[in-house]
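For reference, the structure is listed below as structure tokens.
We did not get these values from a lab; they are worked out from the coordinates using the rules stated. No experiment lies behind these values; they were computed from the predicted model shown. In this analysis, Cβ positions are derived from the backbone assuming ideal geometry, glycine residues included, and neighbour counts consider all displayed protein chains.
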Amino acid sequence: MNHIKFSWKECAGHALFLAVFLGSWEFACSRGWLDPTFFGRPSAIAHFLYEGFVSKPKLWLDLGYTMLGTLTSFVLGSVLAVLLGLTFVAFPRFERAADPYLTLFNAMPRIALVPLFLLWFGLGLGSKIAVGTSLAFFIVLANTVAGIRGVSGDLLTLTRSLGASPLQLFTQVTLPSAVPVIASGLRLALVYSMLGVIGAELIAAEHGLGQTLAYMQSTFNMNGVMGLLLVLALLGMLLTLAMSRVERALLKWQ
Amino acid sequence: MAAISIKNLTIRFGPRVLAVEDFSLDINEGDFVSIVGPSGCGKTTVLNQLTGLLPPQEGSISILGEAPREGNADLAYMLARDCLLPWRTTLTNACYGMQMRGVPRADAEAQARQLLAQVGLAGFEDSYPKALSHGMRQRCALARTFALRSPILLMDEPFGALDAQTKLALEDLLLQLWQAQRRTVIFITHDLAEAVALSDRVIVMSARPGRIVADVPIPLQRPRSIRELQKNHQYHEIYTHVWEQLERGIQLSGDAGQPAR
């Protein structure tokens, strides 16, 4: 999806579309056809974002908290998942034993666990990271195991016939062939880390975009809600884009 | 002394399946020997026994006087599919075998570049396998195999997956490489024409349980060229002769399996 490059003609098309969309939204509000209390108003949303990020920049702090929670969850969940995935492949009987419990835990709606996590890890970043990590972990775990299992038997046979040690087999064949599958898991895990963190922030937090969003909602500040939703969407898109860049640089052989 | 000596090899898979029965074969140093037989006759299994990747079986095997062992540097193994590492370039793929065997990087690269030029892949050193045709990939695998200084080459249907034209070109290439530096080759194939054209000896196996039903010397002159052999009467006579042996082997074991060509 992220390989699309827009020509200037297409860019102009998108600009025109957005201008018409925002313009008619604004116009409808000014004529009273749309109630800005329920839908917000483009000019007011822009003003909210300008204030929050430029003139009285207090949203940066929230953005920072959300990002910190997201990235920590992502790294923590991914590292744990890759390590456990490798252990599973090395000890299949351990995997068999652990599988039902993991399936059970993964089936739990994570958002329903937030109250518990709040109790255990506090209102701060800890509970957010717990939710984000628990989401990222299972995605990466499944992909790690699948990636390693998918290694070509022929490549292993050839490499063993060349006298490779088990460590060489792993670093030269198994790991590189699993990387594409793990990488697509990581891309998904990054977005899910963010979803987990924001979900938890919505329920209760000290800082964070989710927490601010919840506050705007409860005070009926629709411009704030719309503005923050836009920021969150852009953030998610940016993360995916960045991840795809890394993936492509890493996997140029594909 | 024979380069490879197999005595009374019998291979079983589990208590019920007898894959290969009483297989004895001596191969002289520098000989090109093909093993043909219907699919499932155990040709590849015999080859895998030599690599030491499978547990030892009944009978004895000696490779340059030693028992088979995993990672034996006297052997270079080439598989049916190209078996290139997709994340390596042509050059680093050609270096792969040498790298695993501890050849210093600079030496390995020089050797690989030279062989890649010989197999007609000069200019493709930095391409990844996905950008190469099947024939080119198998050329790269040939370079990787010959880059190893192993005196014995084990080739398991290396051209089995190629189209007819490409196959002829690669058979010729293999002959050139082999004629330049004679190594002992065991070449597994189900293609009789290929076996006759390339080999000094063709071993014909029966369907399962695989037994040797014929051991036919191929007295065609060397150096050979695949293209010229097509017009050679002697080649066609030998081909017919080996074909009859193969058919008899199949009938003896009462199997309906048909070899190609």
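In segment A:43-55, the residues that are in contact (Cβ under 8 Å) with a residue 12 or more places away in the chain form Cβ pairs under 7 Å with partners that are outside any helix (DSSP H, G or I), at six or more places apart or across chains, as follows: A:Gly52/A:Lys58.
The residue list B:Arg149, B:Arg113 contains one member that is among the charged types (D, E, K, R) and assigned to a helix (DSSP H, G or I), which is B:Arg113. Residues of segment A:93-138 that are surrounded by 11 or more Cβ atoms within 10 Å (Cβ to Cβ), assigned to a helix (DSSP H, G or I) and of a type outside the set (A, V, I, L, M, F, W, C): A:Glu95, A:Asp99, A:Asn106, A:Arg110, A:Pro115, A:Gly126, A:Ser127, A:Lys128, A:Gly132, A:Thr133, A:Ser134.
If you go through segment A:42-74 one residue at a time, how many are charged (D, E, K, R) and more than 25 Å from the chain's Cα centre (by Cα)? Spell out the reasoning first.
Residues of segment A:42-74 charged (D, E, K, R): A:51, A:56, A:58, A:62.
Next, only the ones that are more than 25 Å from the chain's Cα centre (by Cα) stay: A:51, A:56.
Total satisfying the criteria: 2.
Looking across segment B:116-135, the residues that are in a helix (DSSP H, G or I), out of contact with any Asp or Glu (no Cβ under 9 Å at 6 or more places or on another chain) and free of Cβ contacts under 8 Å to residues at least 40 places away in the same chain come down to B:Ala117, B:Ala131. Being facing another protein chain (nearest Cβ under 8 Å), touching a helix residue (DSSP H, G or I) at 6+ places or on another chain (Cβ under 6 Å) and in a helix (DSSP H, G or I) is the filter here; which residues of segment A:159-183 pass it? Of everything in segment A:159-183, those that are facing another protein chain (nearest Cβ under 8 Å), touching a helix residue (DSSP H, G or I) at 6+ places or on another chain (Cβ under 6 Å) and in a helix (DSSP H, G or I) turn out to be A:Thr159, A:Ser161, A:Val173.
Of all residues in segment A:202-252, those being crowded, with 18+ Cβ neighbours inside 10 Å, under 14 Å from A:Thr70 (Cβ atoms) and β-branched (Val, Ile, Thr) number 1. Scanning segment B:61-99 for residues that are more than 7 Å from chain A (Cβ to nearest Cβ) and part of a helix (DSSP H, G or I) turns up B:Thr90, B:Leu91, B:Thr92, B:Asn93, B:Ala94, B:Cys95, B:Tyr96, B:Met98, B:Gln99.
For segment B:186-197, the criterion of being under 14 Å from B:Leu142 (Cα atoms) and touching a residue at least 40 places away in the same chain (Cβ under 8 Å) is met by at least one residue. Is it the case that A:Leu141 is assigned to a helix (DSSP H, G or I), in contact with a helix residue (DSSP H, G or I) (Cβ under 8 Å, 6 or more places away or on another chain), of a type outside the set (Phe, Trp, Tyr) and under 21 Å from B:Arg101 (Cβ atoms)? No; evaluated as a whole, the condition is false for this residue. Screening A:Gln172 against (1) surrounded by 20 or more Cβ atoms within 10 Å (Cβ to Cβ); (2) under 20 Å from the mean Cα position of the chain (by Cα) leaves a single unmet condition, (2).
Residue check: is A:Gly208 farther than 16 Å from A:Leu49 by Cα, away from every other protein chain (no Cβ under 14 Å) and out of contact with any strand residue (DSSP E or B) (no Cβ under 6 Å at 6 or more places or on another chain)?
no
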